[in-house]
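Accompanying notes for the structure given below.
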Amino acid sequence: MSSAHYQALEPQTSDEDNEDIERQHHQSHSRSSTTSATNATHPPHPPHPMVRKGGVARRRCLLPLVAVALLFVAFCYFSLSRDPRLTSGLGGGSEDSEEASHHGLDGMNFRPLNETVHICSESYEDRRQFMQDKPQADYGQLPVIYFVTPTYPRREQIPELTRLAHTLLHVPRLHWLVADDQEKCNGFMDTLLHRFGIPFTHMVSPMPSKFRNEKPAPRGVANRRAALQWIRQHNLTNGILYFGDDDNTYDLRLFSEIRKTQRVSMFPVGLIADYGVSGPVVRKGKVVAFLDSWVAGRRWPVDMAGFAVNLEYMAQYPYVNMPYKPGYEEDLFLRSIGLQMNLIEPRGNNCTEILVWHTQTKSKKLGIVRLESKYLDDRSNLGALLHNLKLMGVTSTTESEGRDALISKNGREKPHSRILS
């Protein structure tokens, strides 16, 4: 993520900053004491009576103005001194301390989720008989991974989900939560998800309209919030939560690693921003810091694909949240579950291996094929093919826009009537 796109949070005041403030206050007090002693030794000359009278009059005129100014300063102080993240449900405050206690985060810091979860279709049946050369029954004791995939309508959506599904087909004991950023259910996607045979829940969770015109917009937040609400509604406390985007590339070893998560596990993610990587810094088997090219006041500067959470641990925090703040989704989510540095479990061979890559497909606008509707019947495959591509959101047909579709034979363009009639 580029620093040009996001505005950094206000930095937290450190102990060193507090010491500087106290030192400045002490020096100011010393100067005041010196001035008082000088005045006691050499008292100032009394002012002229006329000057005293005029000064009193001026002071009386200024008193109301001074009072108003003091009230204004006090109002600004109390308004600005409050952490704005608290009032917007973003958290902040005591959890920013390294010594924040388990109860340092409560309902006063984070608002409860209130997403409306609209289920399009779901299946709890695992129709896969074999995974990684073993029968399904051999994996019965493993904790379930709840793999949350936010997605949105675009030309590449169905191809991305298809590619991801063929990775997840090899992962036992997994429930795929696919949250689509649109108002209505996509019937083609329902059919596609059923076809894979993986246990899944397909839901729609559109981004609130007030955020759609923001630059950058908080993409994927409404989807993940809906998935978190679904987990809470089902009272799930046994399993692992992982946020997996539809365009990432996953090593199968990742799933074995995150399945061992006791509280929160972390691991590096490849192809992130300027460094090409984002992840924890580990010393003597403990996470001590983070490597990321965009810090911007984030206590947990990690990628969404770079951590997993045990649901039993997350259940201890009733106000788990992911606020609509672009660039800070991961950081504020992890704050909402009371994460502390000593709770983090480094994975991926002490964070020396890349098990997930932040690959991105180049997005293009919707394709358009100009072809008369009379040629889209069953005399050729084109009618059914273009109909399926339209359902996938890949292309559309028209009889009036753009140039006629090219149909060729032996290296030469041929009239539609000659081939399709």
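The values are calculated or read from the model by the stated rules, or taken from the named source; none is laboratory data. Quantities reported herein were computed from a predicted structural model and do not represent experimental measurements. When we count neighbours, we look across all protein chains shown, and the Cβ atoms used for this are built from the backbone with ideal geometry, even at glycine. All accessible areas refer to the heavy atoms of the entire protein, side chains included, with ligands and DNA or RNA removed. Shrake-Rupley method; radii C 1.70, N 1.55, O 1.52, S 1.80 Å.
Suppose we keep just the alpha-carbon trace of the stretch 183-324; what are its Rg and Dmax in angstrom?
For the stretch 183-324, the Cα radius of gyration and maximum Cα-Cα distance read 16.8, 51 Å.
Hey, got a sec? Which trypsin sites (Lys or Arg not before Pro) in the stretch 265-319 land in a DSSP loop and have at most 16 other Cβ atoms within 10 Å?
Details: sites: 283, 284, 286, 298, 299; in loops: 284, 298, 299.
Answer in residue order: 284.
Out of every Cα-Cα pair in the stretch 119-234, what percent are more than 18 Å apart? Write out the running numbers ahead of the final one.
Values: 3456 of 6670 pairs.
The proportion of pairs with Cα distances above 18 Å equals 52 percent.
Of all accessible surface on the stretch 367-418 at a 1.4 Å probe, what whole percent is carbon and sulfur? All intermediate terms of the calculation are to be shown ahead of the outcome.
Numbers: 1760 of 3750 Å².
Carbon and sulfur: 47 percent of the exposed surface of the stretch 367-418.
Can you pull out the trypsin sites (Lys or Arg not before Pro) in the stretch 172-214 whose DSSP state is coil and whose Cβ has at most 14 other Cβ atoms within 10 Å? Numbers along the way, then the final one.
Numbers: sites: 173, 184, 195, 210, 212; in loops: 173, 184, 212.
Qualifying residues, ordered by number: 184, 212.
Determine by what factor the alpha-carbon radius of gyration of the stretch 118-357 differs from 2.2 N^0.38 Å, reporting the quotient.
0.98
Count the DSSP beta bridges whose two residues both fall in the stretch 118-357, then state the antiparallel fraction as a percent rounded to the nearest 5.
Details: 22 of 42 bridges.
In the stretch 118-357, approximately 50 percent of DSSP beta bridges are antiparallel ones.
Taking only protein heavy atoms into account and a 1.4 Å probe, give the accessible area per residue of the stretch 210-268 in Å². All intermediate terms of the calculation are to be shown ahead of the outcome.
Numbers: 2540 Å² over 59 residues.
Per-residue accessible area for the stretch 210-268 comes out at 43 Å².
Å³ per residue of the Cα convex hull, for the stretch 367-418?
On the way: hull volume 4.7 nm³, N = 52.
Measuring per residue, one finds 90 Å³ for the Cα hull of the stretch 367-418.
If R0 is 56 Å, what FRET efficiency do you get for residue 253 and residue 374 from their C-beta distance, rounded to 0.05?
On the way: r = 54 Å, r/R0 = 0.96.
Working from the Cβ atoms, E equals 0.55.
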